[in-house]
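Please read the structure below before turning to the comments.
Rule-based calculations on the coordinates, nothing more; no lab input. Because the structure is predicted, anything quoted here is derived from the model rather than measured. Using ideal geometry, Cβ is built from the backbone for each residue, glycine included, and neighbour counts are taken over all protein chains shown.
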Amino acid sequence: MIKVGVVGATGYAGAELVRLLSRHPQVKLTMLTSQTYAGKQMWEVFPHLYGIVDNILEDLNISELVSRCDVIFTALPHGHAMPLALEAIAKGKKFIDLGADFRIKEVEVYQSWYKTEHTAQQLLTSAVYGLPELYRNQIRESSIIGNPGCYPTSIILGLAPLLTNKLIDTETVIIDAKSGVSGAGRGLSLKTHYSETTNNFQAYGVATHRHTPEIEQELSQLAGNHVTVSFTPHLTPMIRGILSTIYAKLTKHITTEELTEVYSQFYRGERFVRVLPVGMYPATKSVAGTNHCDISVTVDPRTKRVIVLSAIDNLIKGAAGQAVQNLNVMYNLPEETALDFAGMYP
């Protein structure tokens, strides 16, 4: 059995991670930490786990955490995973961070966007960006994973076939993305207050969202040249889900049918990416509660643009499910282990 610790187990992503790991046949939930709820049963905080998860939440003790666990997941705000990663890697343990601390390769870029000093810079060269569909082999050999952000997951998977096949002008990429309120986390905030979000739809982080450098880093890697994007996220009055609508100028004449085949070939054999047939479009409800990313592609011959639609559940493929998928890759387990289920409908 793989002994697992989850730091930050009572945030939305952390709790979803605990739920998924509780059904993993090769995992033993060994230590769950919470700054706010230490001493309580996990199910006292999240009653849906009653009779499923019987762990008592603990205060974080880094040395004890590392000694008791084979793999440590951190679901913490940026800047807090670094000391844990240093200790875990020094002791030969595996480390998967659901936050931003090990996603961005350039220290200066991270510090500029997150306004936080990076105190584990020596680990960045060995950290792997945890998007299995693109970096499976590197993940398998690594001990430290920077789990991708939710918006970047939907966007990078949506654009990867276009960039690797040189089918778009990389100076024309525009991303219009919408997320449910759970993406803001469980902490109390006026912007996610019921009265503020219900019957409301609003942009935020316009031209300043912290996922921008992560998106540009990975798109540039795929394209082989620097890619700058216009990225505007929106908050929608729903709990789960991300829908990204992506526009770019095509570099050659190609039909919707031909481009859909390009996508189907690129993602052939990928368990969690579903390329939809022509005329069928992704919807957040179709992926809710799953580790799927649904993608459709449409060519607009009038404007010579391609329109990519990409949908994920922000807490699963955008966070906890992808982290479990990375665990499975690291241990050479079937990637669908603990993730092989359809979503909820309606």
Checklist entry - Ranked highest first by average number of other Cβ atoms within 10 Å, how do 280-288, 251-259 line up? => result 280-288, 251-259
Checklist entry - Using alpha-carbon pairs under 8 Å, 6+ residues apart, how would you state the relative contact order of region 219-346 in percent? => result 26 percent
Checklist entry - In whole Å, what three semi-axes, largest first, describe the equivalent ellipsoid of region 54-169 built from its Cα gyration tensor (square root of 5 times each eigenvalue)? => result 28, 16, 14
Next on the checklist: Taking 8 Å as the Cα distance limit and 6 or more residues as the minimum spacing, I'd like the relative contact order of region 101-185 as a percentage.
Outcome noted: 22 percent
Checklist entry - Going highest first, how would you order 266-274, 67-75, 320-328, 99-107 by mean Cβ packing within 10 Å? => result 320-328, 67-75, 99-107, 266-274
Checklist outcome for this item: Projected convex hull area of region 2-126, Cα atoms, direction-averaged, in nm², equals 7.5 nm²
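Report the per residue volume, in Å³, of the convex hull enclosing the C-alpha atoms of region 203-293.
141 Å³
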Next on the checklist: Quick one: the Cα spread of region 153-235 along its three principal axes, in angstroms, biggest first?
Outcome noted: 45, 21, 19
Item to check | Under 26 Å from the Cα of Lys94 - lysines, other chains or at least 8 residues apart | outcome: Lys3, Lys28, Lys105, Lys317
Item to check | the chain - share of DSSP beta bridges that are antiparallel (%, nearest 5) | outcome: 45 percent
Next on the checklist: Sorted from largest to smallest, which semi-axis lengths in Å does the alpha carbon gyration tensor of region 151-314 give for its equivalent ellipsoid, taking the root of 5 times each eigenvalue?
Outcome noted: 27, 18, 14
Next on the checklist: Based only on Cα atoms, what mean projected area does the convex hull of region 248-311 have, in nm²?
Outcome noted: 4.4 nm²
